[in-house]
Structure formats: C-alpha cells, structure tokens
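J.: Let me give you the structure first, and then I'll get to my questions.
The values are calculated or read from the model by the stated rules, or taken from the named source; none is laboratory data. Bear in mind the structure is a predicted one, so any value in this text is a computation, not a measurement. Every residue, glycine as well, gets a Cβ built from its backbone with ideal geometry; the counts of neighbours run over all protein chains shown. The protein model used for the area step is the full one, side chains on, heavy atoms only, and it has no ligands, DNA or RNA in it. Shrake-Rupley method; radii C 1.70, N 1.55, O 1.52, S 1.80 Å.
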Amino acid sequence: MSFWEVIGGAQKGGLLVRAEKDTSSQLAESRLSTGALVQELAKDGDRLQYKLLDGDGPLTGWISLTTQGRQLVVLSEKVWIACGGLEKGGLLVREGSELTSSLMPDRLGTGAVVTELDPIADGRLHYKLLSGNGPATGWVTVAAQGKELMRRTQERPSPSPGLQTDRKMSKIRILALAGSLTCKEMIKFQCGPLAAALGKDVAEWTFAEGTVAHPFDVASKSLTDFERLVAGKRQQISSWYIDIYHCEKERSVTEKQFDKEVDVESVAISDKVAELRQRVQEEGPFDVALGFSQGCIMMHFLMGHLWQEGIAPPWKLSLFFEGLKF
C-alpha cells in the first residue's frame, strides 16, 4: 500500500478532483484539501486514483501528481501500519507518552493504518487512526525486545550526504505452504523456478507443511513416482487437516470436492488455524504468503478468523496456486 500527502493547491483551496483518469472527465464539486492524506488505489503516469483517509474533499477520485513541474502530492513519511500484536489482538495504547500513563480500553488492531501526530520520541508514536480498529488517537510503542510493532509505510531518506548506490535492501520474506498429502520438500521444488527468478539476494523463503502426519507406506501410494522420490528423502507425508466426505458412493476425492451435494466436514479447523497463526507470529513478519492447494485453503481459513476479529492479514501479498473453490 502507498500513502500520499497533498502539498500543493494551498492558494486555490486544494487540488482539482476528477471522476475519471482522463483530465477532461467530470470535475468533483469540491477540491482535495492541502495536507490531506490519501491511499493509492491506482496510478497511471502522473495521475493518481485515491481514497481519502484524512483531510477534506471528495472521498475518492483522480488527481494530478504534478503541474507545470511543481509537485502537488508526495509519498507520505507520516503513515504507519501496525504489524505487531497479532497474538494478543493488537497493540496496547496509552493516553500519554509515558509507559505509566493510563491504558486505553481497546487495543490498536494489527493491520491498522495511522498517521503520526508528533515526531517519534523514545520509541513512542503519538498517532491518529486512519483505518482499521482501535482508539482514534493515543500512544503506542514502535518496537519492543527487538521486535517491530509499528512499521513506517514509506522509509525516510537517509540523512547521509551524497548518493548512496551500495545501500542494501531488506529481502522479501515469503512463507510457502505445501498442500495435502505432500511435504515441504515438494513445495520447495514447486517454487524452485520462482525462487531462482527472484534470486537469493531478493527473497528469503520459509517452507511449511501441515502437522497431520500420514503413514508414508500407505499415503505415498497416491503419489507419482517423482513425488515419491522427493518425499522419500524424509519418508514423511502430511496434511494441514483431515476432510471427511459424507458420500456413500465410491468416487474420487476430486469428484466429491466439487459436488455441491456432498457434505464435507473439515476436522479441528480452529485448532489447525491457531497452530498456523502461532507459526506466522513466531517466524514472521512475512511479506508474502504463498499457498498450494490445501495450503491456499489454510490461508483462507486464517484470514477468515482474523477478519472476524477485525484484524488484517499480517502480510502484504497472497499468492494462491490451485486453491479449492468456495
């Protein structure tokens, strides 16, 4: 997500907003105020489609980034996202900057987007809520015990003089979830071309398999010779959970899965989601969650449980390969 701050238009009461990307499209009745914070919905060249987060003006529309060589909108360095507190339902919020000040009754939800009201001081952020759940304003801790709790969406430029061409960028962290009746060695092989294309200097991979183990000599009979070769390194086949198909006919699993008349009972999903949630919390943060087959479904289950609690998924991009139809 990208967030922008309006810095132009002060002399004219803000920026012109149009209904469409085309600069000849219909004008909005009001202007977007100088100082407003917006979220990027789409960007095409010098035109930006936005969603208003803070300030006055139309809730959405298209604006220009520059005019006659002057910058009208810049990427904001004031916007933060809550990336910690997933296991506790969010971050503690206090009324004041001191850690001894009164606690707010609600926590700042993981995934919430805020803007800073004052410069960071002693690792404490005075914020105003832009989107997500939690108190409208308050103070939160940016990091604790070496763990990032709040993340700035736009990195501040380096204070060092001169152009830095050797600056090291942090790697993209990818969590890859294997399917059912398979293993992490298989998902590692499946992701091999993608990993090679990204390169070791760009991406860091974590491969995960389910915790429901199957007897190798029995389960491997359903695998191809190549799959048995890959999985045979550990003699381990696993799934994320077990499905019970309430169907009297002798049919393949695929036929049962896509038959709307068949009642499918997934066993102990809440427990399995809790296990995955804990792993994401302990081994994260991750930028990308990638799933294959049943791994996709586990991602859906986890996101569903988080959304029920008003918590956004603690990663930026979801990749689904051969997920089940819902």
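J.: Could you list all residues from the stretch 270-298 that are free of Cβ contacts under 8 Å to residues at least 24 places away in the same chain and of a type in the set (A, V, I, L, M, F, W, C)?
T.: Listed by number, the list holds a single entry, Ala274.
J.: State whether the residues of the stretch 224-240 include one that is in contact with a Lys or Arg (Cβ under 7 Å, 6 or more places away or on another chain) and of a type outside the set (Lys, Arg). Step through it out loud before you land on a result.
T.: Let us first name the residues in the stretch 224-240 that are in contact with a Lys or Arg (Cβ under 7 Å, 6 or more places away or on another chain), namely 240.
Imposing the further condition that a residue be of a type outside the set (Lys, Arg) reduces the set to 240.
Checked against the condition, which is being in contact with a Lys or Arg (Cβ under 7 Å, 6 or more places away or on another chain) and of a type outside the set (Lys, Arg), the stretch 224-240 yields at least one hit.
J.: What residue, among those in the stretch 278-326 that are of a type in the set (Phe, Trp, Tyr) and either surrounded by fewer than 19 Cβ atoms within 10 Å (Cβ to Cβ) or within 23 Å of Gly146 (Cβ to Cβ) (or both), is modelled with the lowest pLDDT?
T.: Initial filter on the stretch 278-326 (of a type in the set (Phe, Trp, Tyr)): 286, 292, 301, 307, 315, 320-321, 326.
Filter once more, keeping what is either surrounded by fewer than 19 Cβ atoms within 10 Å (Cβ to Cβ) or within 23 Å of Gly146 (Cβ to Cβ) (or both): 286, 307, 315, 320-321, 326.
Numbers: Phe286: 90, Trp307: 85, Trp315: 89, Phe320: 90, Phe321: 87, Phe326: 50.
Among those that are of a type in the set (Phe, Trp, Tyr) and either surrounded by fewer than 19 Cβ atoms within 10 Å (Cβ to Cβ) or within 23 Å of Gly146 (Cβ to Cβ) (or both), it is Phe326.
J.: May I ask you to list the residues in the stretch 195-254 that are basic (Lys, Arg) and more than 29 Å from Ala274 (Cα to Cα)? If you could, list the steps in order and put the result at the bottom.
T.: Within the stretch 195-254, the first condition is being basic (Lys, Arg), and the residues that meet it are 200, 221, 228, 233-234, 249, 251.
Result: Lys200, Lys221, Arg228, Lys249, Arg251.
J.: For the stretch 51-59, does any single residue satisfy the condition of being surrounded by 15 or more Cβ atoms within 10 Å (Cβ to Cβ), over 29 Å from the mean Cα position of the chain (by Cα), at pLDDT 90 or above and hydrophobic (A, V, I, L, M, F, W, C)?
T.: no
J.: Considering each of Arg94, Arg151, Arg156 in turn, give the residue that is modelled with pLDDT of 95 or more, of a type in the set (D, E, K, R) and surrounded by fewer than 19 Cβ atoms within 10 Å (Cβ to Cβ). First the steps, then the outcome.
T.: Numbers: Arg151 fails: modelled with pLDDT of 95 or more; Arg156 fails: modelled with pLDDT of 95 or more.
From the options Arg94, Arg151, Arg156, the qualifying one is Arg94.
J.: Would you tally the residues in the stretch 161-179 being β-branched (Val, Ile, Thr) and either modelled with pLDDT under 90 or open to solvent by 20 Å² or more (accessible area, probe 1.4 Å) (or both)? Break it down stepwise before answering.
T.: First, the residues of the stretch 161-179 that are β-branched (Val, Ile, Thr): 165, 172, 174.
Now narrow it down to the ones that are either modelled with pLDDT under 90 or open to solvent by 20 Å² or more (accessible area, probe 1.4 Å) (or both): 165, 172.
Matching residues across the stretch 161-179 total 2.
J.: Would you say Thr182 is within 26 Å of Gln278 (Cβ to Cβ), among the polar types (S, T, N, Q) and at pLDDT 90 or above? Write out each step before concluding.
T.: On the way: within 26 Å of Gln278 (Cβ to Cβ): yes; among the polar types (S, T, N, Q): yes; at pLDDT 90 or above: no.
Taking the combined requirement at face value, the residue does not satisfy it.
J.: Let me ask something else. Would you pick out the residues in the stretch 182-227 that are open to solvent by 80 Å² or more (accessible area, probe 1.4 Å), among the aromatic types (Phe, Trp, Tyr) and without any contact (Cβ under 8 Å) to a residue 24 or more places away in the chain?
T.: Selection gives Phe226 alone.
J.: Would you call Ser270 more than 30 Å from Thr153 (Cβ to Cβ), open to solvent by less than 80 Å² (accessible area, probe 1.4 Å), in contact with a Leu (Cβ under 7 Å, 6 or more places away or on another chain) and at pLDDT 90 or above? Steps first, answer last, please.
T.: Values: more than 30 Å from Thr153 (Cβ to Cβ): yes; open to solvent by less than 80 Å² (accessible area, probe 1.4 Å): yes; in contact with a Leu (Cβ under 7 Å, 6 or more places away or on another chain): no; at pLDDT 90 or above: yes.
No; evaluated as a whole, the condition is false for this residue.
J.: Let me ask something additional. Please pick out the residue among Tyr245, Tyr241 that is of a type outside the set (Gly, Ala, Ser), in a strand (DSSP E or B) and surrounded by 15 or more Cβ atoms within 10 Å (Cβ to Cβ).
T.: Working: Tyr241 fails: in a strand (DSSP E or B).
Exactly one residue qualifies, and that residue is Tyr245.
J.: Yes or no: Thr66 under 30 Å from Glu20 (Cβ atoms) and among the β-branched types (Val, Ile, Thr)? Break it down stepwise before answering.
T.: Values: under 30 Å from Glu20 (Cβ atoms): yes; among the β-branched types (Val, Ile, Thr): yes.
When the stated conditions are applied, Thr66 passes them.
J.: Are there strands (runs of 3 or more DSSP E) fully within the stretch 58-150 with at least 1 residues that are closer than 25 Å to Gln281 by Cα and either in contact with a Phe, Trp or Tyr (Cβ under 9 Å, 6 or more places away or on another chain) or free of Cβ contacts under 8 Å to residues at least 24 places away in the same chain (or both)? List them.
T.: Values: elements: 60-64, 73-75, 79-82, 113-116, 124-131, 137-141.
The strands (runs of 3 or more DSSP E) meeting that bar are 79-82, 113-116, 124-131, 137-141.
J.: I've got another one for you. Does Asp46 satisfy being open to solvent by 50 Å² or more (accessible area, probe 1.4 Å), at pLDDT 90 or above and over 28 Å from Met150 (Cα atoms)?
T.: yes
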